[in-house]
Amino acid sequence: MQPPVLELTDVSRSFPGVRALDGVTFLLQPGEVHAIVGENGAGKSTLINIVSGVLKPDSGSVRLNNVEVQLRDPVDARGRGIVTVHQEAELFPTLSVAENMALTTGLPLRNGLVDWRAIDHTAREAVRHVGEAINVTAPASQLSVAHRHMTHVAAAVLQQASVLVLDEPTSALSEVEAQWLFEQINRLRASGAGIIYVSHRQDEIFQLADRITVLRDGKHVWTGATHTTSPGELIERMVGRVSGPLPSARTAGDKRPAGKHPGECRLRCSHLSDAADRFTDVSVAVHAGEVVGVYGLVGSGRTEFAESVFGLRPTSSGDLLLDGRNLKARSPMDAVKAGIAFVPEDRLRQGIFRGLSVRANSVIASLQQWAHGPFASARDERIATARQIEQLSVRCRSIEQPIAELSGGNQQKIVLGRWLLTEPKVLILDEPTRGVDVGTKPEIHRLLRTAADGGCGVLMISSDLPEVLAHSDRIIVFRNGRVSGEFDATTASAEGIASAAIPHDSDDMPVGWSTGERGGVSPPISHDATNSLAATDRPPERVRLAGLVWRPETALLAVVLILAAWLGVGSEEFRLTDLATHASIWVVLGLAAACTILAGGIDISIGSLVGLSAAVTALILKSTLPEIVSIPLAVMAGVATGALGGSLNAAIALAGRVHPIVVTLGTMTVYRGIVILLLSGKAMTGLPDAFGHLAVHPASGLRGLILVAAVVVAVLAFWLRYCRSGRHVYAIGSSLSAARLCGVSQTRTWLLAFSVSGGLAGLTGVMTLAHTQQMQARLGAGWELSAIAIAVIGGVSITGGRGTVFGVVLGAILLRLVNSALVRWGIPDAQVDLFVGGMLLLAVLLDLAWRRRLAL
């Protein structure tokens, strides 16, 4: 027998109050599919994270190809041939699909620079195997949950991994997509790769796995060949007790009693159509006391329909009635008030509040029930949460435990329990048992039946056809954005439903849809399901308007040109050279603010750093050193002072695990105090003329400030675009959790981004000092607002991960033009901040509108 490709021996791992793994031993042979099963909280995710390098074991050893290894991080694991596709496919939403795929393996370099051609080529080759029309240049936020998984798997296949870890890979896939996945697994198995397959779906396990390992309560329970056990025996080993009927079987507790008819119509949708053509002319009725199953392939319009009923998506036509009354659900708040509850498919991004406790997540939708007047009742909240945890068998050490520390299945139970507490009239569930173990699935199904028996109308969307057949009273099938069939669950067959769901060549497809290579539908990509991006092949961050392709920078450039033309025509004093000179300082300062914002932070001390750097520069210039020494030394010292201040801000934020805005709120005052101390409260003048000539040379007229700003713009644009560390800045700002799985270091990236930001703030101080030839203690005071405004107006997302250097340049020029316009209009200087703040707010609102336009 060949030596195992992967071997874990007596591996243990503990978290505060929880022993997640306790002496687990696991072997993976080359060319085998080894399934790991267990209830939620059994230790499967912890084991996967150790294998993938996300976590390090407290004890025990990991051997790869018979050599003991210490996996430092996910990048190290991938470098050794271990590729993991996690259940919650984390991504960088503001980055392209292609760059997301490249970051999982480390950005390819050519001559030390990021090779964008290789990134795009590899991504296109990967999605070609998927067989779906996925635009790899599109922002990854517009991928459906299913497409996230499929692109991750496709990338893993291209990497020719020696160990592939799949965590609940089919939880978001339809039958057609699942078959594609099984084909890829068989290809890898044939090539000699070892595959760890984690799933709650027993039919898949018995179809694919060569061997099965059972974990329970963090311990190894059993390992054996698949053919030596049965589904019932496997469940018994998982739960530690004799199991009841299999989850796919209907039981008396989760179906409507024979002879009992549903009650009055709770929800009626008549000829409902989506504003973005995701579904058209849908008519659906849900009665009290019944569970209506909704089935369809990924992209069939089923999720979009549910979101529209809940007020998450606008509709273009049709009527929505709740208990016979017309309902206008313009937002989820309207739907919740009317009595509609919605459990989303994507629990990680739409379901849980990761930073809040189990209790807070449980009662967030029903706070009014536990309040006494305007005051919340923590006691009632604790009682309600404890009751839900007991009913749903949630495994957690405390109701005050952060929900992010729970397993995915336990998180799903909390989300479901949250809405059950509201006692809704209509309960809509999108993949309610996704990532839930076999012991809990029947409990969830019985809870849905209990809710229906209590008068609730239940609409259950699922990609699991046996689940739909077994636990629905009536089944509605979606295809190509329309209802293609309605079945009585007691007489429906799997073949009939599948036939209604699979598109036919003769079908009329909504705009933006196409037929995929595997015979399935190729829907447009969207935030949660699909949109027309794939069909239009629209580049990222662009929108087609009036037949032209527009970008945010294009619109900003148009505004700048119009305002500059207006000022130039009406004033002889307006000169472009003067505008460029003044704007140069603000370009550099705006880029300083942009560096930290792009990385997901914010630095409100940069105004004080400008002053501190200028003060250090002035002191050296006033020394007795000769000018040929003092001037370059002063410039370097000023920039270094700013860089040191920026790195100190990052170091304190990282060490204290607090947001940089809190840290820089304090250092802003400290840095300003040092400036006052250095200057003794007095202005400093009489600086060397040669230093002032660096800004504007009187003889040649050379504008040194413009030249410096141009160099900074070029260098920064090149760094952020073509250097790996620059791309990591975008990655960290886009998603910290995804960066962690890709091995991108927040510590290194923040230290670098904040140091660059501080260095640019220091350079701003030097440039300002050269331009004004005097140093005052108030230099730079309040400039942080303008710097942040420049960055945001220039298209840098305030939440990080998105923005361009060119946009920031335009933002700085626009701000200077507005200041010139205010002077012409006679607006007092004291009111300038009012206009700057208004522009900042307007930029945020326009960014939101632009994001929504891209999503349509």
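The values are calculated or read from the model by the stated rules, or taken from the named source; none is laboratory data. It should be emphasised that the depicted structure is a prediction, and the values quoted were computed from it without experimental measurement. We place every Cβ from the backbone using ideal geometry, glycine too, and count neighbours over all the protein chains shown.
Looking at the range 653-691 only, could you name the residues that are more than 22 Å from G638 (Cα to Cα) and part of a loop (DSSP other than H, G, I, E, B)?
Passing the criteria: R657, V658, H659.
Given the criteria among the basic types (K, R) and at pLDDT below 85, does R117 qualify?
When the stated conditions are applied, R117 does not pass them.
Any residue at all in the range 571-583 that's under 26 Å from L95 (Cβ atoms) and either part of a helix (DSSP H, G or I) or modelled with pLDDT of 75 or more (or both)? Break it down stepwise before answering.
Restricting attention to the range 571-583, the residues satisfying the condition of being under 26 Å from L95 (Cβ atoms) are none.
Looking for residues that are under 26 Å from L95 (Cβ atoms) and either part of a helix (DSSP H, G or I) or modelled with pLDDT of 75 or more (or both), one finds none in the range 571-583, hence no.
Can you name every residue in the range 18-59 that is among the polar types (S, T, N, Q) and in contact (Cβ under 8 Å) with a residue 40 or more places away in the chain? I'd like the intermediate steps shown before the answer.
Taking the range 18-59 and keeping what is among the polar types (S, T, N, Q), we get 25, 29, 40, 45-46, 49, 52, 59.
Those that are among the polar types (S, T, N, Q) and in contact (Cβ under 8 Å) with a residue 40 or more places away in the chain: T25, Q29, N40, S45, T46, S52, S59.
Can you say whether G686 is on the phi > 0 side of the Ramachandran plot and at pLDDT below 90, as far as the supplied structure shows?
Considered against the rule, which asks whether it is on the phi > 0 side of the Ramachandran plot and at pLDDT below 90, G686 comes out as yes.
Name the single residue that is nearest to the chain's Cα centre (by Cα) among those in the range 14-63 being under 22 Å from S191 (Cβ atoms) and in a loop (DSSP other than H, G, I, E, B).
Let us first name the residues in the range 14-63 that are under 22 Å from S191 (Cβ atoms), namely 26-36, 48, 51-52, 63.
After this cut, where a residue has to be in a loop (DSSP other than H, G, I, E, B) as well, the list is 29-32, 52.
Values: Q29: 35, P30: 34, G31: 34, E32: 33, S52: 20 Å.
Within the range 14-63, the match that is nearest to the chain's Cα centre (by Cα) is S52.
Specify which of the listed residues (L208, L215) is at pLDDT 90 or above and in contact with a Lys or Arg (Cβ under 8 Å, 6 or more places away or on another chain).
It is L215.
When only residues in the range 290-309 that are modelled with pLDDT under 90 and part of a loop (DSSP other than H, G, I, E, B) count, which is surrounded by the fewest Cβ atoms within 10 Å (Cβ to Cβ)?
Out of the qualifying residues, it is V298.
Would a scan of the range 10-18 turn up a residue that is under 20 Å from S59 (Cβ atoms), surrounded by fewer than 22 Cβ atoms within 10 Å (Cβ to Cβ), in contact with a Gly (Cβ under 8 Å, 6 or more places away or on another chain) and modelled with pLDDT of 90 or more?
yes
Yes or no, residue by residue, for (1) in a loop (DSSP other than H, G, I, E, B); (2) in contact with an Asp or Glu (Cβ under 6 Å, 6 or more places away or on another chain):
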position: V715; (1), (2): no, no
position: L720; (1), (2): no, no
position: H728; (1), (2): no, no
position: A731; (1), (2): no, no
position: S737; (1), (2): no, yes
position: R740; (1), (2): no, no
position: V744; (1), (2): yes, no
position: L760; (1), (2): no, no
position: V766; (1), (2): no, no
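Checking the conditions here, which among R703, R740, R778 is on the phi < 0 side of the Ramachandran plot, more than 37 Å from the chain's Cα centre (by Cα), buried (at least 16 other Cβ atoms within 10 Å of the Cβ) and not β-branched (V, I, T)?
R703
So, restricting to strands (runs of 3 or more DSSP E) that lie completely within the range 375-485, which ones have at least 2 residues that are within 26 Å of the chain's Cα centre (by Cα)? Working first, answer last.
Working: elements: 426-430, 457-461, 474-479.
Output list reads 426-430, 457-461.
Can you pull out every residue in the range 802-819 that is surrounded by fewer than 23 Cβ atoms within 10 Å (Cβ to Cβ) and assigned to a loop (DSSP other than H, G, I, E, B)?
Matches in the range 802-819: T804 only.
Would it be correct to say that A565 is buried (at least 23 other Cβ atoms within 10 Å of the Cβ), modelled with pLDDT under 95 and of a type in the set (G, A, S)?
no
Being modelled with pLDDT under 85 and under 16 Å from L421 (Cβ atoms) is the filter here; which residues of the range 391-410 pass it?
Of everything in the range 391-410, those that are modelled with pLDDT under 85 and under 16 Å from L421 (Cβ atoms) turn out to be Q391, L392, V394.
Taking into account only those residues within the range 380-397 that are closer than 17 Å to L448 by Cα and of a type in the set (A, V, I, L, M), which is surrounded by the most Cβ atoms within 10 Å (Cβ to Cβ)?
Per the criteria, the residue is V394.
Quick check: is even one residue across the range 648-664 among the hydroxyl-bearing types (S, T, Y), touching a residue at least 24 places away in the same chain (Cβ under 8 Å) and either closer than 23 Å to A580 by Cβ or buried (at least 22 other Cβ atoms within 10 Å of the Cβ) (or both)?
Yes: the range 648-664 contains one or more residues that are among the hydroxyl-bearing types (S, T, Y), touching a residue at least 24 places away in the same chain (Cβ under 8 Å) and either closer than 23 Å to A580 by Cβ or buried (at least 22 other Cβ atoms within 10 Å of the Cβ) (or both).
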